[in-house]
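Reading through the structure tokens given below for one structure.
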Amino acid sequence: MATARQILQQEIFDQCDQKLLAFVGVSNDSKKKKFGYLCLSDTKEPPSNIYIHQIKFDNKVVKKKRIWSLNELITVDGKTSSQDCLEIELVLDKPYKWVATNNQERKIFLISLWKQCASHVFDRKPEFKNLPLDWTSGDLVVLPADRKSKLSLAVSPIISAEDFQPLSEKEEQDLELLMKECGFAAKDAKAFTDMLATQLMALDGENVQSVLASEPQVTKLMDQLETAIQEIEKVESALDMYDETLRHVRDTIDKMDQKNANIQTANKNNEKLLNELQKVIHQLELSPKHQLALTDADLTTPTGLRDAIEAAKELQAVMNAQIHPALVRLKAIQEQRRRFEKWKAKFSQILSRHLNNLFIHMGNDIGESKRNSNNELTIMKHTSLHRELAAYTELMHWCKAMDRKSFMALNKVYTSSLSKLYERDIKLFLEDAKLRINAGHLSNSKEDIRKSTGPPSDWLLGVDKEFWAQESNAQERQRFDQVLEAVLSELEPICLSEQNFCVSFFQLDILSPTTKNTQTTLDEVDVKSNQEILPSLPKTKIEKKINEEVRKMMGDIFACIEPELIGFIQYHERMDSTYSMAVLVRLGRHVMSANDTGSFLSMTYGSALVHVKRNYDKLMHAHLKSIQEVRIVKKSKCGILPFVANFEYFAKTAEQIFKETERRTDLDKWYLKLLTVMFETIHSIASEHPKTPAEVIRMENFHHLYALLSQLKIGILDQFRKDAKQKYSEALSAYVTRYFGRPLEKLNLFFEGVEAKVSQGIKESEVGYQVAFSKQELRKVTKEYHGREVKKGLDHLYKKVEKHLSEEENLLQVVWRAMQEEFIQQYKYIEDLIQRCYPGSMISLEFSIEDLLQYFSEIARSH
């Protein structure tokens, strides 16, 4: 601090003939990116002028940045009255904020600033706020302007009320008497002073004479004081002796109190030790009755089982007694522990042998089937086994805590026995379900075996129906769906019942706090360093670990469910590929409606659903590929393409299965893909077929699709319906234009020439004066088209159209009507030009519109 003051004084203030009063290191913010100083200075020569300086510190060089006169200061804000605050805010020409780097420098600077304001600012005092009270003690005194440069608060004492003492009543009376006697004092101060000096000298003389007269008495008084001092010294010697005696007595009593306290402490410790030993003996005591029940346990009778459970609980309690770790090392306690270990091992052996035999015999249980009058599909139940084993639940919990090796071995035996039992039941159950789906019989023919193992090719969109296997009707699909629902519904309670029993029986909902074989507090080890305590885990992780253990055990017991269920589904998918859609919907509902999505059965169904979804996508890909690779007989006319004809069966079957289900999006996605490929394939075949015109193939197939989509009313395919209608209309128009052409060809050519002349600027009424387009030429052309010739041409055209179109779509009359409208339109066009270009010529065609309508009608009826 002293070095900084010297540097500032030498580098800054000596150059401007000023002296540094106070300074504080500051930065612009709390991060101290820019460092500098706030300084308070005064001129060395009077009159005093106080200034506030902001000094910046740049590359180890100090420079002036700003300077203000003290009179410019408006407000000083310390931000808080705490002395630990580092912030400073000065309001001068505008607010400035700094953060001090040192509390002590800040305090000295603000106190100095307050004192200088008190001494040198008189007109408008700056406001000091949020500062400790002891920094700004006293009032700022307002002085006359002519004394501004002479006064300083540091050198002008402030007289407080405590320094003033009023005159007493006696002093007031003497002062009044003196003033009365010396009334002239106000007029002649020198005479008054001389009088007071004379009286003072007289009083001093009288005092001297009085002292000299009392000298014998003073001598006598001094002798008496010496005698009194000697007596006092004697009394003090006696008191010192008494004090020493009392101090000895006090030390003796303190030692006696300390011995009594030690005796009391020892007695209390002995009492506590005795109580602790009695408590330990009581905690580690196992009655002879319980000892006998452990070493000679009878688990076959209710009484023996009850005694064994009670004795096992008591043994677990004494082996986990809450005893101080220091006492555990006692030899007697370790001997008792070894006795407990012996009884525990004996009882654990008896319990393991009994439960092991019981679990093995369970594998041969025939179960009980639910009797019902409706002959419903049911699976064997084993609730009687659960009831029998429930009596051993507490002993199983004891085994998990006290003999983990035996517990794991029993768990393995139980899982193995039950898995065989359920595998047998589930296989029989699914065989029964197959019989019900196949109306009571299962064929083992080579054809059925081929269907159950081959690809799903019983029917495809791109294959003609005559090559399909036998179609399954709605009744068969409904029977399959009902049986599948019964299968899934029957498996759920079986799995749930077994899961609930296992969670309760094997205590799967509680994590073991140790991986040791036996949980006990009597081991002669350092508990804190050797006992494996379960770490503190979040609740979600604990639940996740418990669910994993439950799913693992259920997966071992019901290991056959997933492969058997997938095999059952796959068998029927091969028999009829539409079943894959039904399974996707039905299994999807069970997965979505599961209360516990993390349970074993939910995950098993989910895995099966993935398999079904994969097969469903394969089936759709097969349909897609069959459309792209459709085979068309090129030696005859095309007609309705197989995938267009088969789409009705596909869509109606799919709509029945997927109606109002959560899997609707799976169908809609494939609808879009299939329709897109169908549109593309129609165009592709139309452009390549050698016998049937491309317009006819597009017209018939898009007409069929439009009618079908209008009938189905599937929202997502509405745009395809509109596109099919548009493409059908375009194909119809193109076909009519191509094959109907212009039956009045010469007339059309004649009037095309007329229109060319009109377009060159010749008036329509003057075209007849052209040699090539005279009335005579027009009559010559019109006479070539007699009604008989026109009808003959139309009849030939009808036969050609009939040859092109297929019978199943029945579009012949639609096309014929379109050709009729086209002919009438051409007829009206020619008649209009005759009337405009040859007015009054009395020229017309050899036949009328009524004749045309009659020709078209007669031809249609004749065929």
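Work out from phi, with θ = phi - 60° and the Karplus expression 6.51 cos²θ - 1.76 cosθ + 1.60, the ³J(HN,Hα) of each residue of the stretch 831-843, listed in order in whole Hz, and give x for Gly and Pro.
Rounded to whole hertz, the list is 4, 5, 5, 4, 5, 7, 8, 10, x, x, 7, 6, 9.
Write down the Å³ per residue value for the convex hull defined by the alpha carbon atoms of the stretch 716-863. Before the final figure, lay out the partial values.
Numbers: hull volume 19.9 nm³, N = 148.
Each residue corresponds to 134 Å³ of Cα convex hull volume.
Provide the solvent-accessible area of CYS495, counting protein heavy atoms only and rolling a 1.4 Å probe, rounded to the nearest 10 Å².
In the full protein context, CYS495 sits at about 10 Å².
Give the long-range amide H neighbours of ARG66: residues separated by 5 or more places, or on another chain, with amide H under 5 Å away, using H modelled in the peptide plane at 1.01 Å from N.
For ARG66, whose amide H was placed from the backbone, the distant partners under 5 Å are GLN54.
Please tell me which of these pairs span more than 24 angstrom C-alpha to C-alpha: LYS727/LYS803; LYS434/LYS625; LYS289/LYS344? Numbers along the way, then the final one.
Details: LYS727/LYS803 22 Å; LYS434/LYS625 31 Å; LYS289/LYS344 15 Å.
Long pairs (Cα-Cα over 24 Å): LYS434/LYS625.
How would SER82, SER348 line up by accessible area, probe 1.4 Å, largest first?
Order by accessible area, largest first: SER82, SER348.
How big is the stretch 1-82 by the Kirkwood estimate over distinct Cα pairs, in Å?
About 13.7 Å for the stretch 1-82.
Net charge near PHE658: determine it from the other residues with C-beta under 15 Å of the C-beta of PHE658, scoring Lys and Arg +1 and Asp and Glu -1.
Net of charged neighbours comes to +3.
For helix 302-319, report the angle its Cα long axis makes with the longest principal axis of the Cα atoms of the chain; keep it between 0 and 90° and round to the nearest 10°.
Orientation of helix 302-319: about 40 degrees from the principal axis.
By accessible area of protein heavy atoms, probe 1.4 Å, what ranking do MET201, MET241, MET678, MET575 get, highest first?
Listed by decreasing accessible area, they come as MET201, MET241, MET575, MET678.
Give the accessible area for LYS129 in Å² (nearest 10); use a 1.4 Å probe, count only protein heavy atoms, and leave out ligands, DNA and RNA.
80 Å²
From largest accessible area down, sort VAL754, VAL781, VAL208; use a 1.4 Å probe on the protein chains.
VAL208, VAL781, VAL754
Could you please report the charge total around GLY588, scoring K, R as +1 and D, E as -1 over all other residues with beta-carbon less than 12 angstrom from its beta-carbon?
+3
Give me the aspartates and glutamates in straight-line cross-link reach of LYS427: C-alpha distance below 15 Å, same-chain residues under 8 apart excluded.
Candidates past the 8-residue exclusion: GLU490, GLU562, GLU564.
Expressed as an acute angle from 0 to 90° and rounded to the nearest 10, what is the orientation of the C-alpha long axis of helix 474-505 relative to the principal long axis of the chain?
So the inclination is approximately 20 degrees.
Here are some pairs, LYS115/LYS170; LYS313/LYS412; LYS420/LYS618; LYS19/LYS129; LYS725/LYS783; which of them have Cα atoms lying more than 32 Å apart in this structure?
Listed pairs above 32 Å: LYS115/LYS170; LYS420/LYS618; LYS725/LYS783.
How high is the relative contact order of the stretch 775-849, in percent, with contacts defined as C-alpha pairs under 8 Å that are six or more residues apart?
54 percent
DSSP beta bridges in the chain, what fraction antiparallel, as a percent rounded to 5?
Here the share of antiparallel DSSP bridges comes out near 90 percent.
For the chain, take the longest principal axis of its alpha carbons; what is the angle in degrees between that and the long axis of helix 393-402, to the nearest 10 within 0 to 90?
Approximately 60 degrees, to the nearest ten.
Let me cross-check PHE122: its accessible surface, 1.4 Å probe, with only protein heavy atoms counted, in Å² to the nearest 10?
Approximately 20 Å² for this residue.
Past the 29 Å Cα-Cα mark, which pairs from LYS673/LYS713; LYS342/LYS541; LYS634/LYS673?
LYS342/LYS541
Please report the relative contact order for the chain, taking Cα pairs under 8 Å with a sequence separation of at least 6, and give it as a percent rounded to a whole number.
Relative contact order of the chain: 7 percent.
Nothing charged except the Cβ atoms of Lys and Arg (+1) and of Asp and Glu (-1): what's the magnitude of the dipole of the chain about its Cα centre? Round to the nearest 20 debye. List each step's numbers first, then the result.
Details: 120 positive and 125 negative charges, 1071 e Å.
It comes to approximately 5140 debye.
Excluding ALA772 itself, calculate the net charge of residues whose Cβ lies under 15 Å from the Cβ of ALA772, where each Lys or Arg counts +1 and each Asp or Glu counts -1.
In short, +1.
Kindly provide the pair-distance distribution of the stretch 590-710 built from C-alpha pairs, with 5 Å bins from 0 and whole-percent values in order of increasing distance.
In order of increasing distance, the bins hold 2, 10, 17, 18, 15, 11, 9, 7, 5, 4, 2, 1, 0 percent.
I'd like the Karplus ³J(HN,Hα) series for the stretch 195-200: coefficients 6.51, -1.76, 1.60, θ = phi - 60°, whole numbers in Hz, and an x wherever there's a Gly or Pro.
5, 5, 5, 5, 5, 5
Carbon-plus-sulfur fraction of the accessible area of the chain, 1.4 Å probe, in percent? List each step's numbers first, then the result.
Details: 26440 of 50540 Å².
The nonpolar share, carbon plus sulfur, comes to 52 percent.
Please work out which option in (i) 191, 116, 54; (ii) 102, 74, 67; (iii) 90, 79, 56 gives Cα extents along the principal axes in Å calculated from these coordinates, and answer with its label.
Read-out taken from this structure: (i).
Step through the residues of the stretch 345-361 one at a time and calculate ³J(HN,Hα) from phi using the Karplus curve (6.51 cos²θ - 1.76 cosθ + 1.60, θ = phi - 60°), rounding each to whole Hz and writing x for Gly and Pro.
Values, residue by residue: 4, 5, 5, 4, 5, 4, 5, 5, 5, 5, 5, 4, 5, 5, 5, 5, 5 Hz.
Ignoring everything except DSSP H segments at least 4 long, calculate the 222 nm mean residue ellipticity for the chain; use -39,500 (n - 2.57) per segment, divide by total residues, nearest 500.
About -21000 deg cm²/dmol.
Quick query: amide H of LEU21 versus all other amide H atoms, modeled in the peptide plane; which residues come in under 5 Å with a sequence gap of 5 or more or a different chain?
Result for LEU21 returns LEU40, SER41, ASP42.
The values are calculated or read from the model by the stated rules, or taken from the named source; none is laboratory data. Since the structure is predicted, the reported quantities are computational estimates derived from the model, not experimental observations. With ideal geometry, Cβ positions are generated from the backbone for all residues, glycine too; neighbour counts draw on all protein chains shown. SASA here: full protein model, heavy atoms, side chains in, ligands and nucleic acids out. Shrake-Rupley method; radii C 1.70, N 1.55, O 1.52, S 1.80 Å.
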